[in-house]
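Peer 1: My structure is below; once you've seen it, I'll send some questions.
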Amino acid sequence: MDANSPLKASLSASRALKLVLSVNGRDHRLSLDPRVTLLDALREHLGLTGTKKGCDQGQCGACTVHVDGQRVLSCLTLAASVEGKAVTTIEGLALDESTLHPMQQAFMDHDAFQCGYCTPGQIMSAVACVMEGLAETDDDIREYMSGNLCRCAAYPNIVAAIKQARAEMKRSRK
């Protein structure tokens, strides 16, 4: 069957799931094939391209987002599985339109990126790492951030950024 055939299109339409995804505090009504990943729903259906498609196999961490405050690899998560849950992407992390999240600011302050491709996933994992209480030492940070790969090797600056943001995030929770 040709990929563009009317039969294939009607089969896809009949299998579509009607979902409401809560992303960055806004509800989005979507009609998606049940096999669509959260990554593809974010990028292709909602236009939120900050979340990156790296390996598409759950090995690089570029697609990391938060679901109900927990970090997940959006390339391995079906969009349908997060209906009714709060999804936060890099676009929704800033405190408001003029104030970066402390982790975003720390990444800038410490030049914790070079090409920038992995940066959204790095930042989302770093925020979760701090929120989970897993960023107490440099070794802890390196261990719990090990699922996020940086081909440019900005790792020392990433650790420094996380330490800076950790202190700020702890102050703001009090």
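Peer 1: Quick one: order TYR155, TYR144 by neighbouring beta-carbon count within 10 Å, fewest to most.
Peer 2: TYR155, TYR144
Peer 1: Can I ask one more? When a footprinting reagent is the concern and you count Cβ atoms within 10 Å, what order do CYS150, CYS63, CYS55 take, fewest first? Please list the in-between numbers first.
Peer 2: On the way: CYS150 22, CYS63 28, CYS55 13.
Lowest count first: CYS55, CYS150, CYS63.
Peer 1: Please report, for the Cα atoms of the stretch 16-92, the Rg to one decimal and the Dmax as a whole number; what are they, in angstrom?
Peer 2: Calculated on Cα positions, Rg and Dmax stand at 11.0, 30 Å.
Peer 1: Give me the one-decimal nm value for the distance between modelled label points at SER146 and HIS28, 7 Å along each residue's Cα-to-Cβ direction.
Peer 2: Between SER146 and HIS28, the simple spin-label model gives 3.3 nm.
Peer 1: Using +1 on the beta carbon of Lys and Arg, -1 on that of Asp and Glu, and nothing else charged, what's the dipole of the stretch 102-173 about the Cα centre, debye to 20?
Peer 2: Numbers: 7 positive and 9 negative charges, 38 e Å.
The calculation lands at about 180 debye.
Peer 1: Turning to a different aspect of this structure: For the stretch 90-130, list log₁₀ I(q)/I(0) at each q in 0.16, 0.19, 0.27 Å⁻¹, using the Debye formula over Cα point scatterers of equal strength and ignoring solvent, two decimals each.
Peer 2: At q = 0.16, 0.19, 0.27 Å⁻¹ the computed log10 ratios are -0.36, -0.51, -1.01.
Peer 1: Take MET131 and TYR117, extend 7 Å from each Cα along the Cα→Cβ direction, and tell me the distance between the two endpoints in nm.
Peer 2: Placing both labels 7 Å beyond Cα along the Cβ direction yields 2.7 nm.
Peer 1: From Cα pairs below 8 angstrom and at least 6 apart in sequence, can you work out the relative contact order of the stretch 46-113, rounded to a whole percent?
Peer 2: Working: 65 pairs, mean separation 16.2, N = 68.
Value for the stretch 46-113: 24 percent.
Peer 1: May I have the extent of the alpha carbons of the stretch 102-173 along their three principal axes, as whole Å values ordered from largest to smallest?
Peer 2: 32, 22, 16
Peer 1: If you take mean projected area of the Cα convex hull in nm² from the coordinates, which of (1) 15.5; (2) 11.1; (3) 27.2 do you get?
Peer 2: Correct label, based on the coordinates given: (2).
Peer 1: Taking the beta-carbon count within 10 Å as an exposure proxy, list HIS45, HIS66 from fewest neighbours to most.
Peer 2: Numbers: HIS45 16, HIS66 22.
Arranged by neighbour count, lowest to highest, HIS45, HIS66 become HIS45, HIS66.
Read-outs throughout are calculated quantities, based only on the coordinates presented, and are distinct from any laboratory measurement. Only a predicted model underlies this, so the values are computations on that prediction, with no experimental measurement involved. Cβ sites come from the backbone with ideal geometry, for glycine too, and all protein chains shown count toward neighbours.
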